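Novice: For reference, the structure I am asking about is given below.
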């Protein structure tokens, strides 16, 4: 008995029902469980099969799993087994290091991944010294859902003959990748057949064999390009309109590449890294394009010869807005071929050179004479320079000693009083230590040569005071002056001699803020300009202006050197029949085009497009013969167009059966409110996020908007035959989160169209319904009719519903009941009664109290009545940024209704209590009384402001008369009048209230938990 083990104490039995009371993971909704599994690594996700029997195969069907692991973490042999058991699409697959002995296993991976719709794929193989890489499986070309592809240390096979491309690919990165002989066509096809490609990174990509073929990079949406290699593999680029950053480092000085043509394609980049080859002649001679957007420039070049220096300055003089410059000197171990003096650099100076330069770095500098002259030249010219970093090449025997270089730089004159020079060794640069500490180098003190003493008996001359305003950057100064009346801008010529003609070269000409000017003022302004205008905005309210004046002004802008980027013309309504000059299509640099009340000329056959246009706004514009096709041509010729607004545009000669197509691969926001029945159709708009459609025969446009996230659609303006089009939509709006509808509940086809859209939006979260019920109901629907429209995924994620201008007709109330009884995730249903509704808030509350609710958290909020002005069917849908000239003479008067921006919220009332309903009416009277008092206080404040304004105007007239006495050479016309633009506020949540807000709570919440005047329990329900 002594050797026997001690007896284990038995655990007392659990009380009955305790096991069921303990919470577990299985109690959570399946969506949450899938989210938990998706956040785990693939190893941890597979291990969840040991949690319980219910979890044994959960990971196999959990969406969004990422197959990613570090080097040596997972045995490559079992990856294929895991992929074979996984039944959902693979979100991401990354294996950054595959050993040589496991290379063949990756073929099986790619076969599985092609069948699992992989979206992000990363394959990296172990480094091979002989570049005998593993050839990856051709199944990679079948991964059509790829959005990201990263390949490293491998060999790419030839693309199959039926290769259709990667329609969703946005990132392509190839590092140390070999192409088969004549495999350039494979890479060219991968790029050109990826229409959404934004990132392209090619590093050490080469081909087998000695002969290379020329190939082209075509990518209209490419934003970031990197090409690094030791040899020039005969690639070239076509126009890249969306490019923002470019890195081209080809260490091949024997290449005969045309750098001028290459840089012309990069003219719109904001960051550029470029290797300039050492050539006998200036490789950039003849460069004519200007890099207006370039802010950050990195060059790999040298100062050994005249041709190299000319090449550098040919580029620098074309970069007026550069702020950061980094130059790494190549071949510093070789002596200088040409000795350059200071006068040579002085001859290279231009007006725009270094005007915005703030930070410059010179790396690997031997500090020879040419290098030192360049340092001196920059310090003496860059007026905004703050830091100059010089990293000396210490390993070079030709380098000047550090002490001598420091002493010499200290003597250089500096144009910027805040400039600081840092002298470092190249080793510090390679470690990336640009921290300014004393132990890694010597910071140059701001040493200036003292001025010579004045001669005896000679009076010291006092220089003029510094011009603080004139030292501002040009874009800041332009932003300030563009906000002034043009008369005040011209008056700045009286400030000083330096300001005498400054206004003539400002990039922006904004005359929308200059009321009272006449046509002769605009003529004089454009004739006096000495620099091309970047932005021109004009709004006329004067009936005396001749229509031919607009032709002359456009011609003047087109002949002023080009470069116009922003054009806005707002004419009078009577000018809509007058066509603008066709030189409008010559503004190739346009990024924004806004036209109001005018005629668009015929699109010429030789029209090359607007390669940089991003915003197009046409309001009350007539498009000439075959207007639909002309409009489609204009949009298709703008490859980077992102926003299009068409309001009351007249397409002359276009009928409902005309066949024209809108193609815009980059379009993100679209508004069409033409008011007439036109033809045309939409191709797939892959990037469209927001759309508003108002008019007849527009349901067909929805076929190209499968990815839209916010949709506004007027069902009350559609034809009855368009319901069939909505019922036959071949897809669901998988991304649609917000839906705004205009519905006439008196017409059955409009109700059916509403349900067609609701059934097609499985992930809808917010629903806005603007009710335009007018007339007698064609058919009084019932519960059976609404239940027949129901599908399982309807209202699955709906949590906010706003219904405005509700008349409380039978069909409208049935929809409210239907939403409350079906939307299980509903939180808020907001109602606003129409101004002409025969129902009262009391009656609406009484009816809605009896409706069942699927969501225990649902609240019904009554926001009073809509004002009379809200009956405009445009209200809440289209934001009209400019009014027509017919509204110029209309003056509004009288008091406004309550604050529409922040409508006050009232305490909850018990709709079942008659006494509290009477209290509601009393509070409505109190609100009207408060409104009257608020109006009286506001009128009193306005009277006081008028008196103060008169004092200000008198003071202003005194100042103006004083200036005119001093400078009588500049006659100035007084301001005649100010035409204020009246804008329609289209924000949906700004509803003007006539009554207090009554909140209707859920049936599971009562006053015991809440504030005073809450709702008590009642057998009928809770409000």
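Novice: Limited to segment 568-602, what total is found for residues that are in a strand (DSSP E or B) and surrounded by fewer than 21 Cβ atoms within 10 Å (Cβ to Cβ)? Don't jump to the end; show me each part of the working.
Specialist: Filtering segment 568-602 down to residues in a strand (DSSP E or B) leaves 568-570, 579, 592-600.
Filter once more, keeping what is surrounded by fewer than 21 Cβ atoms within 10 Å (Cβ to Cβ): 568, 579, 592, 594, 599.
The total comes to 5.
Novice: Give 753, 699 a once-over and let me know the one that is within 21 Å of residue 807 (Cβ to Cβ) and touching a residue at least 40 places away in the same chain (Cβ under 8 Å). Don't jump to the end; show me each part of the working.
Specialist: Values: 699 fails: within 21 Å of residue 807 (Cβ to Cβ).
Being within 21 Å of residue 807 (Cβ to Cβ) and touching a residue at least 40 places away in the same chain (Cβ under 8 Å) holds for just one of 753, 699, which is 753.
Novice: In segment 834-861, what residues are at pLDDT 85 or above and either in contact with a helix residue (DSSP H, G or I) (Cβ under 9 Å, 6 or more places away or on another chain) or assigned to a helix (DSSP H, G or I) (or both)?
Specialist: Of everything in segment 834-861, those that are at pLDDT 85 or above and either in contact with a helix residue (DSSP H, G or I) (Cβ under 9 Å, 6 or more places away or on another chain) or assigned to a helix (DSSP H, G or I) (or both) turn out to be 851, 852, 853, 854, 855, 858, 860.
Novice: Okay, next question. Inside segment 310-350, can you point out the residues that are in contact with a helix residue (DSSP H, G or I) (Cβ under 7 Å, 6 or more places away or on another chain) and part of a helix (DSSP H, G or I)?
Specialist: Matches in segment 310-350: 342, 345.
Novice: State all residues of segment 665-691 that are crowded, with 21+ Cβ neighbours inside 10 Å, farther than 13 Å from residue 628 by Cβ and touching a strand residue (DSSP E or B) at 6+ places or on another chain (Cβ under 7 Å); if no residue qualifies, say none.
Specialist: Selection gives 667, 670, 673, 688, 691.
Novice: So, residue 390, is that one out of contact with any strand residue (DSSP E or B) (no Cβ under 6 Å at 6 or more places or on another chain) and either at pLDDT 90 or above or surrounded by 18 or more Cβ atoms within 10 Å (Cβ to Cβ) (or both) or not? Even if it seems obvious, please write down each step before you answer.
Specialist: Numbers: out of contact with any strand residue (DSSP E or B) (no Cβ under 6 Å at 6 or more places or on another chain): no; either at pLDDT 90 or above or surrounded by 18 or more Cβ atoms within 10 Å (Cβ to Cβ) (or both): yes.
Criteria not met by residue 390.
Novice: Across segment 613-636, what is the total count of residues that are part of a loop (DSSP other than H, G, I, E, B) and at pLDDT below 90? Walk me through how you get there before you give the answer.
Specialist: Our first condition is that a residue be part of a loop (DSSP other than H, G, I, E, B); within segment 613-636, this holds for 613-614, 624-626.
Checking which are at pLDDT below 90 leaves us with 624-626.
So the answer is 3.
Novice: Still on this structure, I have one more. Among the residues of segment 226-238, how many are surrounded by 13 or more Cβ atoms within 10 Å (Cβ to Cβ) and within 15 Å of residue 200 (Cα to Cα)?
Specialist: At the first step, the residues of segment 226-238 found to be surrounded by 13 or more Cβ atoms within 10 Å (Cβ to Cβ) are 226-229, 231-237.
Remaining after also requiring within 15 Å of residue 200 (Cα to Cα): 226-229, 235-237.
Of the residues in segment 226-238, 7 are surrounded by 13 or more Cβ atoms within 10 Å (Cβ to Cβ) and within 15 Å of residue 200 (Cα to Cα).
Novice: Which residue pairs have Cβ atoms under 8 Å apart, sit 6 or more places apart or on different chains, and have a first residue in segment 575-588 that is under 12 Å from residue 623 (Cα atoms) and a second that is outside any loop (DSSP other than H, G, I, E, B) and at pLDDT below 85?
Specialist: 578/547; 578/550; 580/550; 580/551
Novice: A follow-up question, please. Would you pick out the residues in segment 31-49 that are closer than 18 Å to residue 82 by Cβ, part of a helix (DSSP H, G or I) and without any contact (Cβ under 8 Å) to a residue 24 or more places away in the chain? Outline the logic, then answer.
Specialist: Start the filter on segment 31-49 by keeping residues that are closer than 18 Å to residue 82 by Cβ, which leaves 34, 37-49.
Pick out the ones that are also part of a helix (DSSP H, G or I) and you get 34, 37-38, 42-49.
Matches in segment 31-49: 44, 45, 47, 48, 49.
Novice: Something else about it: Does segment 205-221 contain any residue that is buried (at least 18 other Cβ atoms within 10 Å of the Cβ), out of contact with any helix residue (DSSP H, G or I) (no Cβ under 9 Å at 6 or more places or on another chain) and part of a loop (DSSP other than H, G, I, E, B)?
Specialist: Yes, that holds for at least one residue.
Novice: Can you tell me which residue is nearest to residue 378 (Cα to Cα) among those in segment 394-405 that are under 49 Å from the mean Cα position of the chain (by Cα) and surrounded by fewer than 19 Cβ atoms within 10 Å (Cβ to Cβ)?
Specialist: Of everything passing the filter in segment 394-405, 402 is nearest to residue 378 (Cα to Cα).
Novice: Scanning for something buried (at least 20 other Cβ atoms within 10 Å of the Cβ) and over 35 Å from the mean Cα position of the chain (by Cα), does segment 766-779 turn up at least one residue? Give the derivation first.
Specialist: Applying the first criterion (buried (at least 20 other Cβ atoms within 10 Å of the Cβ)) to segment 766-779 yields 767-773.
Still in the running and over 35 Å from the mean Cα position of the chain (by Cα): 773.
Yes: one or more hits.
Novice: Also: Looking at segment 284-309, which of its residues are over 14 Å from residue 259 (Cα atoms) and part of a loop (DSSP other than H, G, I, E, B)?
Specialist: 290, 291, 292, 293, 294, 295, 302, 303, 304, 305
The values are calculated or read from the model by the stated rules, or taken from the named source; none is laboratory data. What you are looking at is a predicted structure, and each value in this text was computed from that prediction instead of being measured. All Cβ positions, even for glycine, are placed from backbone atoms using ideal geometry, and neighbour counts span all protein chains on display.
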